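Novice: Pasting a structure below so you can have a look.
FYI, it's all coordinate maths here, none of it is from the lab. Everything numeric in this text was worked out from a predicted model, so none of it was measured. Cβ atoms come from the backbone with ideal geometry, glycine included; neighbour counts cover every protein chain shown.
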Amino acid sequence: MQPERLLKKHNLRKTSGRLSVLRCFLEYGKALSHGEVQDLVGKKVDRVTLYRILQSFEEKGLLHKVPDDQVSVKYALCDHLHNVDHAHSDNHAHFKCNSCGDTVCLEESAIPNIPTPKGFRVNESFLLLGGLCDQCVR
Ligand SMILES: [Zn+2]
Ligand SMILES: [Zn+2]
């Protein structure tokens, strides 16, 4: 899908910064960390602006957070082919390759409901599998 249309669909005003960031995700096709997006967009978008862009994309359901390891987080495009509304049905598992470091969405693998103690309310859940991707396993 065109980046312009994706922004419009998520009620995000079109700015050159937003377009550059969105293009990175569309072209790369995998989860990206803040630092990786920064490297890809270069000087076109400064650090603070990039932070705000990623935040607004997440709020509007254009990106979702992906756990990467203990300390960092990546972002991935939400699945717009299957997801009509963005009431975050992005509760799928993710896979991180320990060799090349790529993190990909396992969109077909929903995270199962984990029972929680009475009175607890779950707002988000993350499941990260680790191993070797199909490129690295050979
Ligand atoms: Zn790999
Ligand atoms: Zn994902």
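Novice: Ignoring chymotrypsin sites (Phe, Trp or Tyr not before Pro) that are buried or in helix or strand per DSSP, and keeping those with at most 15 other beta carbon atoms within 10 Å, what is the longest stretch of the chain between them?
Specialist: Working: sites that count: Phe120, Phe126.
Result for the longest clean stretch: 1-119.
Novice: While we're on this one: Tally Lys/Arg at +1 and Asp/Glu at -1 over every other residue whose Cβ is under 12 Å from the Cβ of Thr15; what's the total?
Specialist: On the way: positive: Arg13, Lys14, Arg18, Lys44, Arg52; negative: Glu4.
Once all neighbours under 12 Å are counted, the net charge is +4.
Novice: Say the dipole of the chain comes from +1 at the beta carbon of Lys and Arg and -1 at that of Asp and Glu; which of Gly61, Gly101, Ser125 then lies farthest toward its positive end?
Specialist: Gly61
Novice: Another question about this same structure. Build a GNM of the chain with springs between Cα atoms under 10 Å: which of Val48, Val73, Val104 gets the top mean-square fluctuation?
Specialist: Of the options given, Val48 has the highest mean-square fluctuation.
Novice: To continue, here is another question. What is the count of Lys pairs in the chain whose alpha carbons sit under 16 Å apart, if the two are 8 or more places apart or on different chains?
Specialist: 10
Novice: Mean Kyte-Doolittle hydropathy of -0.5 or higher plus an axial Cα length of 30 Å or more: which whole DSSP H helices in the chain meet both?
Specialist: On the way: long enough: none.
Membrane-span-like by this criterion, though nothing is claimed about a membrane: none.
Novice: Over all alpha-carbon pairs in the chain, figure out the percentage whose distance exceeds 19 Å. Each step should come with its number before you reach the end.
Specialist: On the way: 5051 of 9453 pairs.
I get 53 percent for the Cα pairs in the chain exceeding 19 Å.
Novice: State whether the stretch 24-70 is rounded, prolate or oblate according to the following rule on the C-alpha gyration tensor (a ≥ b ≥ c being the square roots of its eigenvalues): a/c under 1.5 gives rounded; otherwise a/b larger than b/c gives prolate, and the remaining case gives oblate. All intermediate terms of the calculation are to be shown ahead of the outcome.
Specialist: Working: a/c = 1.41, a/b = 1.19, b/c = 1.18.
Judged from the Cα gyration tensor, the stretch 24-70 comes out rounded (a/c under 1.5).
Novice: Put +1 on the Cβ of every Lys and Arg and -1 on every Asp and Glu Cβ in the chain; which of Asn91, Val45, Leu22 then has its Cα farthest towards the positive end of the dipole?
Specialist: The residue sitting farthest along the positive end of the dipole is Val45.
Novice: Using unit Cβ charges (K, R positive; D, E negative) and no other charged atoms, how large, in debye to the nearest 20, is the dipole of the stretch 3-131 about its Cα centre? Walk me through the numbers on the way to the answer.
Specialist: Working: 18 positive and 16 negative charges, 124 e Å.
That gives a dipole near 600 debye.
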